[in-house]
Amino acid sequence: MKMPQLIALVSSTLVGVSAAFPPDRRALLGQDKYASWDDVNVVSHGLLQLGQGLKEHVDKTKAQTRDVNAKLKSLDAAVEEVERRQRKQDEALRAGSKEAEDREKLLAALAEEVEEVKKQSKNINSKVDKLEEKLEDGGHLGVSRGCLQKMVAAQNRRIDQLVEKLEQQQDKLDKQSLHLQMLQTKVSHKRLKPHRRRDGETAARREETQQATGGVRDCHHLYVRGQRASGVYTIQPEGSEPFAVFCDMTSEGGWTVIQKRYDGAQNFNQLWEGYKRGFGSLDGEFWLGLEKIRSVSKQGPYQLQVELSDGAGQQLPVARYLFQLDGEEEKFALHLEDEAPSPRTSTGSSGIPFSTADRDNDLSEDVSCAKLLSGGWWFSSCGDWNLNGRFPRRPSGPSRKQTRKMFWTSKGQRHSMVGGVSQSVQTHLAC
């Protein structure tokens, strides 16, 4: 039984027992009243269950506390071990540095001593030469030639010993320097290891992404590789980072969908940055994004396919155009050319820049078409089509907000669409 239920049971039992013996009636009878044995049993049983529940809760809490304390102790021990190893390495590094400094000082002192001995040897040799000259001249000296030669030999031996000692110290210093470099390298590797692991993980993810995309340029490329199921795929156009798209696989090939609307759940009244990056869900309504559309279209000749339905639910003829989109420096200007003379569907002039409420790039001089018609589009003079306008909730009719809805002009007749719209592009295959 749960704790709140136990408390409620005990409280109700106590209230019932107390209510069974009104205080005014006890005063009238003039004698004490006691609870019945059944009432006492109920209260006792409730209190027993409450105590057992509390004991189980306390025991469980103690067990959890012990587990947490054990894990904390284990973690503290691991941290302490890491710190101990780090301190040991730092101490070894400092000791190696100090020993290297001492040996360098000793080496400098030995070098000075060798220079001093060389000077003394030079002076002795000079004196010997002078004495030899005097002996050759027949002069009498108190110091014999043999004694001088012994002195020179002893001095030379001392010089040789000092040179040998100096070489030994130099060897030890070289070994100590090498050991010091090894310690420094080891410490550096330990400090850089987390960064290298992160770099390796990043490189692995990048490699997995490249393997997943496999140089797929667009949905038609996937179709050529054997994909036949429509859905979300990852592509990587030339010179672009990989990104996800919705591919519509048909008998004619794979179409990269750049816009889809069918129920009005997604708000298309976005600003410039929203249309630039894209918005919505690839599994629902969305706008792919001008940057991504540009990265696909710049790979070569593409054709744009527009599928739409009117307010009565009737499918309009599919329109196709030769399609090209400029970059942001040209304000994502759209270039369209009718692929076939029929059906004749108005598209406006080619080379019209993209406009939003905060970037008025349309050709109208006295009004902002994006503010007037809602949504972002390639507006000329607020003309014949706007597939990113407000999605109508009811069949078209007279309304002052009618101009803000999606509309399309075909064969001289203007349609306000409720059923939906889908725009997609595919590599243009010349016949």
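The values are calculated or read from the model by the stated rules, or taken from the named source; none is laboratory data. Values in this document were obtained by computation on a predicted structure and should not be read as measured data. Every residue, glycine as well, gets a Cβ built from its backbone with ideal geometry; the counts of neighbours run over all protein chains shown.
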What residue, among those in the range 332-361 that are assigned to a strand (DSSP E or B) and not aliphatic (A, V, I, L, M), is modelled with the lowest pLDDT? Thr345
Tabulated pairs, the range 87-99, first assigned by TED's automatic domain parsing to the domain that holds Asp171, second modelled with pLDDT of 85 or more and among the aromatic types (Phe, Trp, Tyr), C-beta under 9 angstrom, 6+ apart or interchain: none
Only unsatisfied item for Gln266, checking (1) over 26 Å from the mean Cα position of the chain (by Cα); (2) surrounded by 18 or more Cβ atoms within 10 Å (Cβ to Cβ), is (2)
Restricting the range 223-244 to residues that are among the hydrophobic types (A, V, I, L, M, F, W, C) and not in a loop (DSSP other than H, G, I, E, B), which is farthest from Gln299 (Cα to Cα)? Val232
Please go through the range 72-96 and give me each residue that is surrounded by fewer than 14 Cβ atoms within 10 Å (Cβ to Cβ) and within 30 Å of Val163 (Cα to Cα), ordered by number. Arg94, Ala95
If only one of Gly278, Gly284, Gly254 is in the same structural domain as Gly420 (by TED's automatic domain parsing) and touching a His at 6+ places or on another chain (Cβ under 7 Å), which one is it? Gly254
Examine the range 208-217 for a residue that is farther than 30 Å from Arg390 by Cβ, at pLDDT below 95, hydrophobic (A, V, I, L, M, F, W, C) and surrounded by 13 or more Cβ atoms within 10 Å (Cβ to Cβ), and state whether such a residue exists. yes
Can you name every residue in the range 102-127 that is in contact (Cβ under 8 Å) with a residue 60 or more places away in the chain and of a type in the set (A, V, I, L, M, F, W, C)? Leu106, Leu107
